[in-house]
Amino acid sequence: MNKLSKVFSLALSSLLALSLLAGCKNGDGEPTAARICFDNLGAGFLSEADTKVIVEGAESVSAVDADGNAVSDPDTVATYDEATGTVTAVSEGVLTLTLKGGDKFRVEVVPAYPTDPGNQYDGTALDYSQGGDLLGGCHDPSLIEVEEDGAPAYYIVSTGWAYGNEIRRSTDLLTWEYLGKTTEKDSIIPQKVEDWIGGTNDTGFVQWWAPDIVAAAGGGYWLYTCCVSNANVDLEGTQYSKACIILMESDTMEPGSFRYKGVLMQSCIPAGTLGLIDVNSIDPQIVYDSDGKMYMAYGSFGTGNWMLELDPKTGLRKDKMYKDDVFYSWQEVRAFRDDAVMYYNNYKSGEEISTEYYGHMISQGAMEAPVIARHDNVTVSDENGVIEEGKTYYYSMHSYNALAVAYQMWGGRSESAAGRYHGIGGSEVFNENAGASSNQGNMYMGSFTWEDKAADSKETNVVMTGHNDLFTTSSGLNVAAYITRTYDYHVVNALGEEDPVFMSQVHQYYLNSFGDLCINPNRYAGEIDRSVSKEELLHFTDGGRFKLVALYNSSNSYGKAVHSTEVVLTEDGKITQNGTQVGSWLMYGDGYIKIAFNSTNVLSGHSPVELVYYGVVRPAWLYEQGRSGFTVTAMSRSGIERNFALFMNSISTIGD
């Protein structure tokens with residue numbers, strides 16, 4: 001979710017201008033920031049919008065270099081013209097401008113063409129273990145940005161299993177340090193939480209699953225987390241799995257510092273049913289709408305995902321269902337469930353489904369881990385020009401299918417935080433099971449493999465992606481953090497079977513010209529979100545050659561991952577494969593691209609494609625090639641029930 005507001009900006013001429021009236025800040029009180037780039041290749045393709053930003057009214061300027069060391073002459077990082085307020089990029093580092101009144105504005109200067117980020121996998125257990133620095137062993141990530149000593153630090157809070165949720169910290173979103181857990185084995189957990197779960201925290205019976213971390217009203221941090229029973233609990237002769245969503249709070253992000261504040265939701269699901277027709281009180285995610293209203297999306301499988309309105313002053317339910325923080329009995333919770341499932345099947349046909357206890361339904365079917373991101377001032381356009389301006393959109397993402405079988409990231413879009421959420425073609429967000437013809441929505445990410453990796457590349461294949469966060473930093477960088485699994489390494493379970501290992505990854509995401517969300521298929525490497533021209537793209541691509549992956553509605557597990565195929569983008573707008581034209585391409589606007597194929601089965605040796613995609617072209621570090629280049633990420637717009645992501649990596653000549 002967008003826990004920090006984006007930079008307030010106004011385009012003036014060809015520059016990005018930031019209106020900083022009286023030290024304008026984002027909604028959480030953090031200093032505003034921006035990112036610009038310098039031409040580290042001297043290629044001459046950059047525009048002023050890429051290299052300059054206007055910051056009016058700076059009284060003093062300081063800078064640090066790429067290593068974080070203070071520099072005596074800030075002009076070596078970026079120049080500042082006091083008369084016009086123009087900051088111009090020179091070299092990698094950070095320029096800090098002190099404004100009238102003492103507010104500060106940070107300008108991050110990064111290379112236009114990403115350089116080696118130094119966070120490659122090395123092919124050892126450190127890639128997937130807690131002791132490494134690449135989010136190995138991190139499950140169900142939630143991101144937050146914190147200002148520390150005048151610079152941003154990023155924290156991921158994630159599933160911790162026994163004793164508490166795990167905390168990791170980074171200063172660059174590239175490498176991470178494991179710090180500990182939000183609570184510890186001997187932390188004081190309210191008796192009523194342990195009584196509900198059916199066991200104690202110090203024995204590990206209380207499990208701490210998928211959390212969400214947000215800034216608290218008035219300072220500090222709110223941690224929305226789910227406590228889950230580590231084994232089934234016998235209730236009058238029937239076995240149940242029990243869970244609850246609770247709110248923890250802390251003044252700091254220090255391990256062990258979080259304390260209980262209140263309960264928001266309980267569930268009690270009969271064992272052996274997999275919750276197929278139930279409401280599961282796990283996977284909370286917070287979103288604020290443009291009016292400041294606060295909502296919690298939640299749920300796992302069963303009837304789908306739901307949403308409650310919260311009180312932004314307390315972080316707890318607005319409806320006061322938990323008066324005096326008294327837990328309901330398991331019989332009362334089952335009665336709430338019975339009320340909810342009576343009508344849930346009517347959701348897909350357009351009926352609004354809501355109950356006093358659960359709130360309202362925002363999606364239906366076999367899915368979990370809903371996350372919602374808000375983006376303001378979105379311009380909608382196509383290759384012919386602007387269609388609409390100033391739109392506010394809410395983007396939902398849900399994890400379809402079983403966790404370690406065919407996890408995929410699907411979702412929709414709405415003009416209201418409360419929904420309804422629809423796919424690009426207008427369909428409801430719905431999942432029956434992996435590959436079912438009834439599935440609906442936008443498929444943003446699934447299992448795929450880049451073929452022909454560099455000989456020394458240890459980049460893992462992307463397998464069973466899901467349970468993600470969507471986050472925007474104070475400098476306007478949009479990132480998606482999600483779990484992926486891989487069989488490139490494996491661990492042997494108690495049955496002697498090979499299980500995939502898991503890690504989380506951070507990727508940039510963008511909005512295409514239609515305002516559809518598109519995820520960079522390559523891990524984030526510090527690159528800037530800037531426009532790329534057709535001339536620049538082809539100049540640094542070997543004969544117009546690209547690796548292409550088109551996702552589609554399939555079980556899409558490890559054994560059915562989509563493997564890339566090679567295509568060529570020609571100067572005259574053709575897409576060819578093995579010398580035969582299979583489609584066409586067109587670039588327009590700020591690095592936008594339209595891709596059209598002649599038919600759905602036109603690519604030899606590849607999965608089906610959609611007829612039309614719209615996306616963006618952006619610089620990227622191509623980990624599978626070990627070099628800088630360009631990536632294309634796009635969403636189809638020709639489907640009615642379903643639309644799918646398409647990814648392309650240039651076969652780059654940068655560094656040759």
Q: State the answer as a single residue: which of 271, 493, 190 lies farthest towards the positive end of the charge dipole of the chain, with beta carbon charges of +1 for Lys and Arg and -1 for Asp and Glu, about the Cα centre.
A: 271
Q) Just the accessible area per residue of the range 299-364, please: how many Å² with a 1.4 Å probe? A) 47 Å²
**Q.** Along principal axes, Cα extents of the range 31-91, largest first, whole Å
**A.** 33, 27, 21
Q: Provide, as a two-decimal number, the C-alpha radius of gyration of the chain over 2.2 N^0.38 Å, N being how many residues it has.
A: 0.94
(Q) Tell me the per residue accessible area of the range 485-567 using a 1.4 Å probe; a whole number in Å² is fine. (A) 33 Å²
Q. From the residues 180, 38, 286, which one has its Cα farthest along the dipole of the chain in the positive direction, the dipole being from +1 and -1 charges on Cβ of Lys/Arg and Asp/Glu about the Cα centre?
A. 286
Q. For helix 330-341, what angle does its Cα long axis make with the longest principal axis of the chain, in degrees from 0 to 90 and rounded to 10?
A. 50 degrees
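Where the only charges are on Cβ atoms (+1 Lys, Arg; -1 Asp, Glu), what is the dipole of the chain about its Cα centre, to the nearest 20 debye? Can you show the working numbers first?
Values: 44 positive and 86 negative charges, 249 e Å.
It works out to roughly 1200 debye.
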Q. Going out from 0 in 5 Å bins, what whole percent of all Cα-Cα distances in the range 415-484 drops into each bin?
A. 3, 11, 14, 18, 21, 15, 9, 5, 3, 1
Q: Would you tell me the accessible area of residue 413, worked out with a 1.4 angstrom probe on the heavy atoms of the protein chains, in Å² to the nearest 10?
A: 60 Å²
Q. How are the C-alpha pair distances of the range 133-200 spread across 10 Å bins, as whole percents from the shortest bin up?
A. 19, 42, 25, 12, 1
Q. Where Rh denotes the Kirkwood radius from the mean inverse Cα pair distance, what is Rg over Rh for the range 23-137?
A. 1.08
Q.
Taking just the alpha carbons, could you work out the radius of gyration and Dmax for the range 202-289, both in angstroms?
A. 14.8, 47
**Q.** For the range 525-603: relative contact order, % (alpha-carbon pairs under 8 angstrom, 6 or more apart)
**A.** 24 percent
Q. In the calculated pair distance distribution of the range 407-534, what percentage of Cα-Cα distances lie above 26 Å?
A. 34 percent
Q: Give me the percent of the accessible area of the chain that comes from carbon and sulfur atoms, probe 1.4 Å, all protein chains in place.
A: 47 percent
Q. From the cross-link list 181/313; 318/391; 52/100; 453/594, which pairs have alpha carbons spaced over 23 Å apart?
A. 181/313; 318/391; 453/594
Q | nm² value of the averaged projected area, convex hull over the Cα atoms of the range 345-477 | A | 12.1 nm²
**Q.** Net dipole in debye of the range 289-344 [+1 Lys, Arg Cβ; -1 Asp, Glu Cβ; about Cα centre; nearest 20]
**A.** 60 debye
(Q) Which one, 585, 555, 567, projects farthest toward the positive side of the charge dipole computed for the range 534-616 from Cβ point charges (K/R +1, D/E -1)? (A) 555
Q: Roll a 1.4 Å probe over the protein heavy atoms and report the accessible area of residue 241 in Å², nearest 10.
A: 50 Å²
Q) Based on the Kirkwood radius over alpha-carbon pairs, what value in µm²/s does the Stokes-Einstein equation return for the translational diffusion coefficient of the range 487-589 at 4 °C and 1.567 mPa s? A) 75 µm²/s
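The values are calculated or read from the model by the stated rules, or taken from the named source; none is laboratory data. All values derive from a computational prediction rather than experimental measurement. Don't worry about glycine lacking a Cβ; one is built from the backbone with ideal geometry, like all the others, and counts go over all protein chains shown. For the accessible areas, the whole protein counts, side chains as well, though only heavy atoms, and no ligand, DNA or RNA atoms are used. Shrake-Rupley method; radii C 1.70, N 1.55, O 1.52, S 1.80 Å.
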